[in-house]
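Data block below; observations after.
The values are calculated or read from the model by the stated rules, or taken from the named source; none is laboratory data. Everything numeric in this text was worked out from a predicted model, so none of it was measured. All Cβ positions, even for glycine, are placed from backbone atoms using ideal geometry, and neighbour counts span all protein chains on display.
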Amino acid sequence: MGILNALGKNKRKFWFVCYGCLQFTAHDALKSIFYYDGPATLLMGRPLTPCPRCKSTNTVSFQKLKDDGSESQLWGLEQIVKQHPRSLFEVKPESTKVAS
């Protein structure tokens with residue numbers, strides 16, 4: 001049973017890994033995982049979730065990894081989430097300001 005199921009929050013679509021941060025941190029997954037339940041940015045009709053750390057849109061949700069069959073990668077990421085407090089990964093959605 002994964003950590004998300006154990007918490008009763010099977011919300012893999014809100015957990016992300018940023019491949020940009022993985023590259024910049026020498027593949028430190030702990031610094032590349034984030035939890036974000038805000039709105040996605042639409043770019044050419046495709047929803048993208050920007051990384052709160054590096055602002056890259058080269059991110060993928062845990063649900064997408066599951067859908068794509070990347071079970072071993074997903075298992076490793078869920079183990080990292082399980083070993084650390086959730087507050088380490090949570091990101092508050094930024095409020096969008098309208099230019100005047």
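Considering only residues that are in contact with a helix residue (DSSP H, G or I) (Cβ under 7 Å, 6 or more places away or on another chain) and among the small types (Gly, Ala, Ser), look in segment 1-30 and name the one that is modelled with the highest pLDDT.
Checking each candidate, the answer is 29.
Does residue 81 meet the test of being touching a residue at least 12 places away in the same chain (Cβ under 8 Å), touching a Pro at 6+ places or on another chain (Cβ under 7 Å) and surrounded by 11 or more Cβ atoms within 10 Å (Cβ to Cβ)? Steps first, please.
Numbers: touching a residue at least 12 places away in the same chain (Cβ under 8 Å): yes; touching a Pro at 6+ places or on another chain (Cβ under 7 Å): no; surrounded by 11 or more Cβ atoms within 10 Å (Cβ to Cβ): yes.
So residue 81 fails the test.
Is one or more of the residues making up segment 92-99 at pLDDT 85 or above and either surrounded by fewer than 13 Cβ atoms within 10 Å (Cβ to Cβ) or assigned to a strand (DSSP E or B) (or both)? Steps first, please.
Filtering segment 92-99 for residues at pLDDT 85 or above gives none.
No; the residues of segment 92-99 include none that is at pLDDT 85 or above and either surrounded by fewer than 13 Cβ atoms within 10 Å (Cβ to Cβ) or assigned to a strand (DSSP E or B) (or both).
Does segment 15-29 contain any residue that is surrounded by 12 or more Cβ atoms within 10 Å (Cβ to Cβ) and over 23 Å from residue 87 (Cβ atoms)?
Checked against the condition, which is being surrounded by 12 or more Cβ atoms within 10 Å (Cβ to Cβ) and over 23 Å from residue 87 (Cβ atoms), segment 15-29 yields at least one hit.
Which numbered condition trips up residue 75, out of (1) surrounded by fewer than 16 Cβ atoms within 10 Å (Cβ to Cβ); (2) closer than 16 Å to residue 91 by Cβ; (3) touching a residue at least 40 places away in the same chain (Cβ under 8 Å)?
Condition (2) is where residue 75 drops out.
Just to verify a result, which residue in segment 30-65, among those that are over 12 Å from the mean Cα position of the chain (by Cα) and under 20 Å from residue 86 (Cα atoms), is surrounded by the most Cβ atoms within 10 Å (Cβ to Cβ)?
Among those that are over 12 Å from the mean Cα position of the chain (by Cα) and under 20 Å from residue 86 (Cα atoms), it is 54.
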